[in-house]
Amino acid sequence: MTIAERSAVMRRIKGANTKPELQLRRALWGLGLRYRVGPRKIPGRPDVVFLARRLAVFVDGAFWHGKKLSASRLAEMSGYWQKKIANNVARDSEVDGILIDEGWTVLRIDSRAATRDSEAIAGYVLRLLTTDNAVTPPTGVTLVQRR
(Lines give C-alpha, C1' and ligand atoms only; values in the text may rest on other atoms or scores of the structure.)
Protein backbone atom coordinates (compact mmCIF):
# COMPACT_ATOMS: atom_id res chain seq x y z
CA MET A 1 0.00 0.00 0.00
CA THR A 2 1.08 3.53 -0.58
CA ILE A 3 1.37 5.91 2.33
CA ALA A 4 -1.83 7.68 1.25
CA GLU A 5 -3.75 4.38 1.00
CA ARG A 6 -2.51 3.23 4.40
CA SER A 7 -3.45 6.60 5.89
CA ALA A 8 -6.97 6.33 4.45
CA VAL A 9 -7.38 2.84 5.92
CA MET A 10 -6.15 3.96 9.35
CA ARG A 11 -8.53 6.95 9.41
CA ARG A 12 -11.51 4.61 9.04
CA ILE A 13 -10.66 2.64 12.19
CA LYS A 14 -13.12 3.55 14.93
CA GLY A 15 -12.07 4.22 18.50
CA ALA A 16 -15.53 4.03 20.06
CA ASN A 17 -18.90 2.45 19.34
CA THR A 18 -17.30 -0.44 17.49
CA LYS A 19 -19.33 -3.48 16.47
CA PRO A 20 -18.09 -5.59 19.44
CA GLU A 21 -18.88 -2.77 21.91
CA LEU A 22 -22.36 -2.23 20.50
CA GLN A 23 -23.11 -5.95 20.50
CA LEU A 24 -22.02 -6.29 24.13
CA ARG A 25 -24.00 -3.20 25.15
CA ARG A 26 -27.15 -4.56 23.48
CA ALA A 27 -26.74 -7.85 25.35
CA LEU A 28 -26.22 -6.02 28.68
CA TRP A 29 -29.24 -3.80 28.04
CA GLY A 30 -31.32 -6.85 27.14
CA LEU A 31 -30.61 -8.29 30.61
CA GLY A 32 -31.89 -5.08 32.19
CA LEU A 33 -28.44 -3.74 33.11
CA ARG A 34 -28.02 0.02 32.95
CA TYR A 35 -24.59 1.53 32.51
CA ARG A 36 -22.63 4.58 31.44
CA VAL A 37 -20.67 4.69 28.18
CA GLY A 38 -17.14 6.09 28.06
CA PRO A 39 -17.22 8.55 30.97
CA ARG A 40 -14.30 10.94 30.58
CA LYS A 41 -13.70 11.36 34.31
CA ILE A 42 -12.76 7.71 34.86
CA PRO A 43 -9.11 6.83 34.13
CA GLY A 44 -8.67 5.01 30.83
CA ARG A 45 -12.19 5.97 29.75
CA PRO A 46 -13.73 2.47 29.96
CA ASP A 47 -16.18 1.43 27.26
CA VAL A 48 -18.90 0.49 29.77
CA VAL A 49 -19.11 1.51 33.43
CA PHE A 50 -21.37 0.42 36.27
CA LEU A 51 -20.86 3.31 38.68
CA ALA A 52 -22.70 1.94 41.73
CA ARG A 53 -20.68 -1.30 41.72
CA ARG A 54 -17.48 0.37 40.48
CA LEU A 55 -17.07 -2.02 37.57
CA ALA A 56 -15.16 -0.78 34.51
CA VAL A 57 -15.43 -2.81 31.30
CA PHE A 58 -13.00 -2.43 28.41
CA VAL A 59 -13.56 -4.06 25.02
CA ASP A 60 -10.06 -4.35 23.59
CA GLY A 61 -9.31 -4.79 19.90
CA ALA A 62 -7.24 -7.96 19.59
CA PHE A 63 -4.63 -6.45 17.26
CA TRP A 64 -4.22 -3.10 19.01
CA HIS A 65 -3.82 -4.64 22.45
CA GLY A 66 -1.46 -7.44 21.38
CA LYS A 67 -3.87 -10.30 22.09
CA LYS A 68 -3.96 -11.61 18.55
CA LEU A 69 -0.23 -11.64 17.90
CA SER A 70 2.23 -14.44 18.55
CA ALA A 71 5.75 -13.48 19.57
CA SER A 72 7.05 -14.52 16.14
CA ARG A 73 4.43 -12.41 14.33
CA LEU A 74 5.20 -9.41 16.50
CA ALA A 75 8.93 -9.84 15.79
CA GLU A 76 8.21 -9.70 12.04
CA MET A 77 6.50 -6.31 12.35
CA SER A 78 8.27 -3.01 11.88
CA GLY A 79 9.62 -1.21 14.91
CA TYR A 80 6.78 1.31 14.69
CA TRP A 81 4.11 -1.37 15.22
CA GLN A 82 6.11 -3.19 17.89
CA LYS A 83 6.42 0.06 19.84
CA LYS A 84 2.77 1.03 19.26
CA ILE A 85 1.41 -2.29 20.52
CA ALA A 86 3.86 -2.41 23.45
CA ASN A 87 2.78 1.09 24.48
CA ASN A 88 -0.90 0.08 24.31
CA VAL A 89 -0.27 -2.98 26.49
CA ALA A 90 1.72 -0.91 28.99
CA ARG A 91 -1.01 1.76 29.11
CA ASP A 92 -3.65 -0.93 29.71
CA SER A 93 -1.64 -2.25 32.64
CA GLU A 94 -1.13 1.25 34.06
CA VAL A 95 -4.84 2.10 33.76
CA ASP A 96 -5.77 -1.21 35.42
CA GLY A 97 -3.46 -0.37 38.34
CA ILE A 98 -4.92 3.11 38.76
CA LEU A 99 -8.49 1.82 38.72
CA ILE A 100 -7.69 -1.00 41.16
CA ASP A 101 -6.03 1.50 43.52
CA GLU A 102 -9.23 3.58 43.34
CA GLY A 103 -11.33 0.54 44.31
CA TRP A 104 -12.64 -0.46 40.89
CA THR A 105 -13.11 -3.93 39.48
CA VAL A 106 -11.80 -4.13 35.91
CA LEU A 107 -12.92 -6.43 33.11
CA ARG A 108 -10.91 -6.69 29.90
CA ILE A 109 -12.84 -8.30 27.06
CA ASP A 110 -11.27 -9.36 23.79
CA SER A 111 -13.21 -7.85 20.88
CA ARG A 112 -13.47 -11.24 19.15
CA ALA A 113 -15.05 -12.75 22.27
CA ALA A 114 -17.45 -9.79 22.58
CA THR A 115 -18.63 -10.40 19.03
CA ARG A 116 -18.78 -14.18 19.32
CA ASP A 117 -20.17 -14.61 22.87
CA SER A 118 -21.83 -11.32 23.84
CA GLU A 119 -24.76 -13.08 25.53
CA ALA A 120 -22.49 -15.27 27.67
CA ILE A 121 -20.32 -12.30 28.59
CA ALA A 122 -23.39 -10.22 29.49
CA GLY A 123 -24.58 -13.08 31.73
CA TYR A 124 -21.16 -13.15 33.38
CA VAL A 125 -21.30 -9.39 34.01
CA LEU A 126 -24.78 -9.79 35.52
CA ARG A 127 -23.53 -12.52 37.89
CA LEU A 128 -20.49 -10.42 38.76
CA LEU A 129 -22.70 -7.45 39.63
CA THR A 130 -25.34 -9.37 41.59
CA THR A 131 -23.37 -11.99 43.52
CA ASP A 132 -20.26 -12.08 45.63
CA ASN A 133 -19.32 -15.56 44.44
CA ALA A 134 -16.25 -15.91 42.28
CA VAL A 135 -17.43 -16.98 38.85
CA THR A 136 -15.05 -18.22 36.18
CA PRO A 137 -15.04 -15.74 33.30
CA PRO A 138 -15.86 -16.90 29.76
CA THR A 139 -13.09 -17.30 27.21
CA GLY A 140 -11.72 -13.94 26.10
CA VAL A 141 -12.66 -12.18 29.36
CA THR A 142 -10.08 -11.23 31.97
CA LEU A 143 -11.14 -10.21 35.44
CA VAL A 144 -8.28 -7.95 36.48
CA GLN A 145 -9.45 -7.36 40.05
CA ARG A 146 -12.50 -7.97 42.16
CA ARG A 147 -13.09 -6.34 45.50
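Summed over region 104-142, the residues that are aliphatic (A, V, I, L, M) and in contact with a Pro (Cβ under 6 Å, 6 or more places away or on another chain) give a count of 3.
Highlighted here are the helices (runs of 4 or more DSSP H) found entirely within region 41-133 that include at least 3 residues which are under 13 Å from the mean Cα position of the chain (by Cα) and of a type in the set (Gly, Ala, Ser): 111-116. Scanning region 16-23 turns up one or more residues that are assigned to a helix (DSSP H, G or I), farther than 15 Å from residue 98 by Cα, of a type in the set (Lys, Arg) and at pLDDT below 95. Report yes if some residue within region 26-39 is part of a strand (DSSP E or B) and not charged (D, E, K, R); otherwise report no. Among the residues of region 26-39, at least one is part of a strand (DSSP E or B) and not charged (D, E, K, R), which makes the answer yes.
Are any of the residues in region 96-103 farther than 21 Å from residue 20 by Cα, of a type outside the set (S, T, N, Q), in contact with a Pro (Cβ under 9 Å, 6 or more places away or on another chain) and surrounded by 17 or more Cβ atoms within 10 Å (Cβ to Cβ)? For region 96-103, residues farther than 21 Å from residue 20 by Cα, of a type outside the set (S, T, N, Q), in contact with a Pro (Cβ under 9 Å, 6 or more places away or on another chain) and surrounded by 17 or more Cβ atoms within 10 Å (Cβ to Cβ): present.
Condition check: within 26 Å of residue 25 (Cα to Cα), out of contact with any Pro (no Cβ under 8 Å at 6 or more places or on another chain) and basic (Lys, Arg). Does residue 67 satisfy that? When the stated conditions are applied, residue 67 passes them.
Residue-level analysis places residue 119 among those that are of a type in the set (Asp, Glu), closer than 16 Å to residue 27 by Cα and out of contact with any strand residue (DSSP E or B) (no Cβ under 6 Å at 6 or more places or on another chain).
The values are calculated or read from the model by the stated rules, or taken from the named source; none is laboratory data. Owing to the predicted nature of the structure, the values given are computational and were not obtained by experimental measurement. Note that each Cβ is placed from the backbone with ideal geometry, even for glycine, and that neighbours are counted across all protein chains shown.
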